[in-house]
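Take a look at the structure below.
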Amino acid sequence: MTPAKASSRKTSFSPMIHSYLRMDERFPHVWCPGCGIGIVFGALIHAVHELKIPKKKLLLASGIGCTSRMPGYLDADTFHVLHGRALAAATGVKLARPDMEVVVVGGDGDMLAIGGNHFIHTARRNIGMTCIVLNNYNYAMTGGQQSPTTPRDMFATTAPYGAIDDPVDACLLASGAGAAFVARTTTYNFVQLKRLIKTALSRKGFRLLEVVAQCPTIFGRLNRIPTPKDLVTWIKAHTVTLEAAKKMDAKELEDKVVTGVFVDREVEEYSERYARLVKKVRNAH
Amino acid sequence: MRRLVSGNEACAEAALRAGIRFFGGYPITPSTEIAELMAEELPRVGGVFIQMEDEIASIMAIIGASAAGVPSMTATSGPGFSLMQEGIGYAAMTEVAVVVVNVMRGGPATGLPTKGSQADFQQARWGTHGDHPVVALTPRGVQECFTLTLRAVEISQRLRVPVILLMDEFIGHMREIVSFPEKVEVYHRQKPRVAPSEYIHYAPDNNYNAPYASFGEGYAIHFSGLNHRSDGFPINDAPTIRWNNERLRAKIEDNLAYLEDNYVDDDPDADTLIVAFGSAARSAYEAKLLTDKPIAYIRALTVWPFPDATVRRLAKGRKRVVVPEMNEGQLAREVERCIGTDTELVSVTRNDGSMLTPKEVLEALR
Ligand SMILES: Cc1ncc(C[n+]2csc(CCOP(=O)(O)OP(=O)(O)O)c2C)c(N)n1
Ligand code: SF4
């Protein structure tokens with residue numbers, strides 16, 4: 001991770017975005033120019049703003065990684081936890097304060113490797129939270145090691161001859177575990193990204209949104225797609241919508257990323273179920 | 001009221017009376033009864049019990065619940081305690097009040113699931129990576145499982161620290177008569193009285209007994225396990241790191257008088273001092289009663305921070321110090337630090353899953 005240099009130009013962030021940030025000497029932020037994390041962060045802020053979620057009720061939790069640095073900049077309650085453990089910690093928050101709007105962000109390594117077990121079980125229990133997995137296909141923070149989503153034959157510092165592991169599909173994993181809402185998009189498609197975050201925030205239970213995002217500095221460089229523009233274009237070229245995918249065969253889909261909503265169902269989320277249990281137990285006495 | 005209960009039952013009952021309203025845990029012998037009791041009782045008082053997917057998730061969930069304002073606890077044993085270490089360090093770094101009960105069994109690895117030991121004494125102190133002080137309490141019997149659980153909750157809330165309660169299988173599964181008090185004084189953390197713009201989560205005066213904010217109260221607090229400055233935001237410069245480390249140390253070192261808790265039975269004529277804790281101290285005290293020689297005795301209820309000064313004072317001028325324990329000599333190392341070279345150290349150990357007997361201690365007193 002290379003720190004972003006303070007721009008000499010006067011930045012013209014919208015005042016709306018500013019009002020959600022902790023605007024002190026924390027800036028400049030840690031992310032590289034051209035990184036996809038800012039796009040996701042921006043979309044999240046837009047979604048929260050448009051849904052008028054009060055800051056006082058908002059909790060943003062994360063694990064460790066480039067993506068997981070997001071909470072430090074948000075002007076709300078924020079919880080920068082341990083590598084992989086954000087979902088477990090957020091489970092504690094949500095059950096203690098069911099009225100809070102809990103959002104958890106993390107990289108593919110954080111959520112699907114070290115945090116994979118928590119990912120499965122938080123989805124299974126349908127703890128009420130929006131989980132955004134930012135999939136940049138590598139461990140960016142630590143310098144580009146292979147992650148559980150690194151595609152076959154692509155390079156990472158710990159896969160110098162190309163990855164031979166098959167990657168995991170976060171959306172399939174969450175669907176199988178029982179998540180109420182499961183969707184995928186990319187940073188290329190900002191409009192869909194914002195819309196899906198809004199949908200996720202409006203649902204109950206565990207909602208997973210996987211966002212394929214560019215890490216030009218490391219993943220792009222290691223795979224000879226080093227500019228943000230080329231990497232975003234590469235992501236776009238590998239993306240197909242769920243509708244289009246239905247008409248394609250397995251061979252055609254082999255190196256494709258399917259975007260869209262995979263699961264959207266009504267569930268009684270865990271804290272509601274728990275409240276019902278408490279009522280039942282107390283009435284019995 | 002007096003009732004015959006096990007150590008695990010006394011612990012769970014005390015936790016509920018001390019105001020614990022969130023328990024996240026994973027089953028492991030010999031601590032499981034605590035989780036089972038909490039699963040039964042917490043819904044009755046409107047609290048939350050959740051069985052997590054492992055001990056790492058358990059410690060993180062209780063940290064999350066505590067950060068959201070609810071007094072929280074977990075209970076485990078050796079293998080689970082090992083898994084919790086990174087989370088315990090996180091609670092120490094972010095100053096989140098949690099109680100971690102470790103009903104000790106033999107180890108390493110799966111070790112002796114159904115048999116007791118005191119072999120996590122040093123792990124409780126040094127199990128996390130990095131350097132920070134630790135608070136750990138050790139009951140000698142079922143009554144103290146009750147009183148020390150109350151105290152563990154109180155210390156954790158007052159100092160915003162993780163507190164470890166080191167029970168063991170012998171005590172956890174043993175039944176004794178406990179007198180339960182009518183009323184229990186509970187310390188409730190106070191909410192900040194200043195406006196959010198004025199509030200600093202790790203302000204210098206925001207340490208012992210101070211009000212502090214929880215999630216959802218409008219204070220926009222930030223927790224990070226990275227070294228951080230007073231607003232919780234991570235920063236890498238040496239003075240801030242020193243300030244952060246010093247803050248963690250000071251909250252324990254400045255409160256030694258509050259934390260220290262020993263049972264002392266001194267005898268000016270004694271040339272021998274016994275130092276012990278927990279269940280081994282039962283046999284040690286029995287041995288003291290069985291011998292006709294004068295013996296000085298100290299049992300630490302708070303083992304971490306270790307009562308260095310008190311042990312040093314009691315050991316001064318004695319011929320020998322006898323240290324009975326159920327591990328390979330972990331307490332003896334601590335005692336050795338505190339005594340002079342003129343005093344002989346006699347380490348009495350047993351590490352086979354059986355209770356150290358008074359007879360074994362008695363032999364060392366000859
Ligand atoms: C227990 C533990 N193991 C390893 C690390 C080192 N580490 C920090 S971030 C990271 C991976 C980050 O990758 P990812 O989660 O994909 O997030 P990204 O940086 O790509 O956003 C690792 C392995 C750690 N902090 N803690
Ligand atoms: S994910 Fe990649 S591009 Fe983004 S901040 Fe990290 S190293 Fe830089």
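Is it true that A:K94 is more than 21 Å from B:H228 (Cβ to Cβ) and buried (at least 24 other Cβ atoms within 10 Å of the Cβ)?
yes
Can you confirm whether A:L193 is away from ligand 1 (no atom under 14 Å from the Cβ), part of a helix (DSSP H, G or I), of a type outside the set (V, I, T) and over 26 Å from A:L59 (Cβ atoms)?
Considered against the rule, which asks whether it is away from ligand 1 (no atom under 14 Å from the Cβ), part of a helix (DSSP H, G or I), of a type outside the set (V, I, T) and over 26 Å from A:L59 (Cβ atoms), A:L193 comes out as no.
Just a yes or no: is a residue in region A:254-270 in contact (Cβ under 8 Å) with a residue 24 or more places away in the chain, closer than 27 Å to A:I197 by Cα, within 14 Å of chain B (Cβ to nearest Cβ) and surrounded by 12 or more Cβ atoms within 10 Å (Cβ to Cβ)?
Yes, region A:254-270 contains a residue that is in contact (Cβ under 8 Å) with a residue 24 or more places away in the chain, closer than 27 Å to A:I197 by Cα, within 14 Å of chain B (Cβ to nearest Cβ) and surrounded by 12 or more Cβ atoms within 10 Å (Cβ to Cβ).
Sort through A:V40, A:V105, A:V81 and tell me the only one that's within 13 Å of ligand 1 (Cβ to nearest atom) and closer than 21 Å to B:E95 by Cβ.
Exactly one residue qualifies, and that residue is A:V81.
Of the residues B:G106, B:G216, B:G141, which single one is in contact (Cβ under 8 Å) with a residue 60 or more places away in the chain, small (G, A, S) and touching a Leu at 6+ places or on another chain (Cβ under 7 Å)?
From the options B:G106, B:G216, B:G141, the qualifying one is B:G106.
Among B:A270, B:A213, B:A238, B:A257, which is the only one that is modelled with pLDDT of 95 or more and within 14 Å of another protein chain (Cβ to nearest Cβ)?
It is B:A213.
In the list B:R312, B:R247, which residue meets the criterion of being under 25 Å from A:G72 (Cα atoms), among the basic types (K, R) and touching a residue at least 12 places away in the same chain (Cβ under 8 Å)?
B:R247
Looking at region B:75-88, can you tell me whether even one residue there is assigned to a helix (DSSP H, G or I), touching a Lys or Arg at 6+ places or on another chain (Cβ under 6 Å), in contact (Cβ under 8 Å) with a residue 24 or more places away in the chain and more than 14 Å from chain A (Cβ to nearest Cβ)?
yes
Restricting attention to region A:44-68, report how many residues are in a helix (DSSP H, G or I) and either away from ligand 1 (no atom under 16 Å from the Cβ) or in contact with a strand residue (DSSP E or B) (Cβ under 6 Å, 6 or more places away or on another chain) (or both).
Residues that pass the stated criteria total 11.
Any residue that is in contact (Cβ under 8 Å) with a residue 60 or more places away in the chain, closer than 25 Å to B:I155 by Cβ and in a loop (DSSP other than H, G, I, E, B) - is there at least one of those in region B:341-352?
No, region B:341-352 contains no residue that is in contact (Cβ under 8 Å) with a residue 60 or more places away in the chain, closer than 25 Å to B:I155 by Cβ and in a loop (DSSP other than H, G, I, E, B).
Please tell me if A:A177 is more than 16 Å from ligand 2 (Cβ to nearest atom) and either within 14 Å of chain B (Cβ to nearest Cβ) or under 24 Å from A:Q146 (Cβ atoms) (or both).
When the stated conditions are applied, A:A177 passes them.
Determine if region A:191-201 includes at least one residue that is surrounded by fewer than 24 Cβ atoms within 10 Å (Cβ to Cβ) and of a type in the set (G, A, S).
no
What about A:D99, is it over 16 Å from the mean Cα position of the chain (by Cα), away from ligand 1 (no atom under 16 Å from the Cβ), among the charged types (D, E, K, R) and crowded, with 24+ Cβ neighbours inside 10 Å?
Considered against the rule, which asks whether it is over 16 Å from the mean Cα position of the chain (by Cα), away from ligand 1 (no atom under 16 Å from the Cβ), among the charged types (D, E, K, R) and crowded, with 24+ Cβ neighbours inside 10 Å, A:D99 comes out as no.
Can you work out which of the residues in region A:208-248 that are near ligand 2 (Cβ under 9 Å from one of its atoms) and not in a helix (DSSP H, G or I) is surrounded by the fewest Cβ atoms within 10 Å (Cβ to Cβ)?
A:Q214
On the basis of being more than 14 Å from every other protein chain (Cβ to nearest Cβ) and either modelled with pLDDT of 95 or more or farther than 20 Å from B:V335 by Cα (or both), does B:D231 make the cut?
So B:D231 fails the test.
Go through region B:43-66 residue by residue and tally those that are assigned to a helix (DSSP H, G or I), facing chain A (nearest Cβ under 9 Å) and buried (at least 18 other Cβ atoms within 10 Å of the Cβ).
Qualifying residue count, region B:43-66: 12.
Here are some residues: B:E325, B:E363. Which one is of a type outside the set (A, V, I, L, M, F, W, C) and crowded, with 22+ Cβ neighbours inside 10 Å?
B:E325
Can you work out which of the residues in region A:112-126 that are within 17 Å of A:A183 (Cα to Cα) and within 14 Å of chain B (Cβ to nearest Cβ) is farthest from ligand 1 (Cβ to nearest atom)?
A:N126
Could you please let me know if A:N135 is within 16 Å of ligand 2 (Cβ to nearest atom) and farther than 22 Å from A:D77 by Cα?
yes
If you take the residues in region A:72-91 that are more than 7 Å from every other protein chain (Cβ to nearest Cβ) and within 16 Å of ligand 2 (Cβ to nearest atom), which one is farthest from B:I50 (Cα to Cα)?
Here the residue is A:Y73.
Taking B:R333, is it in a helix (DSSP H, G or I), in contact (Cβ under 8 Å) with a residue 12 or more places away in the chain and under 18 Å from B:Q123 (Cβ atoms)?
Spelling it out, B:R333 is indeed in a helix (DSSP H, G or I), in contact (Cβ under 8 Å) with a residue 12 or more places away in the chain and under 18 Å from B:Q123 (Cβ atoms).
The values are calculated or read from the model by the stated rules, or taken from the named source; none is laboratory data. Model, not experiment: these values are computed from the prediction. Because the Cβ atoms are built from the backbone with ideal geometry, glycine has one as well, and the counts that use them run over all protein chains shown.
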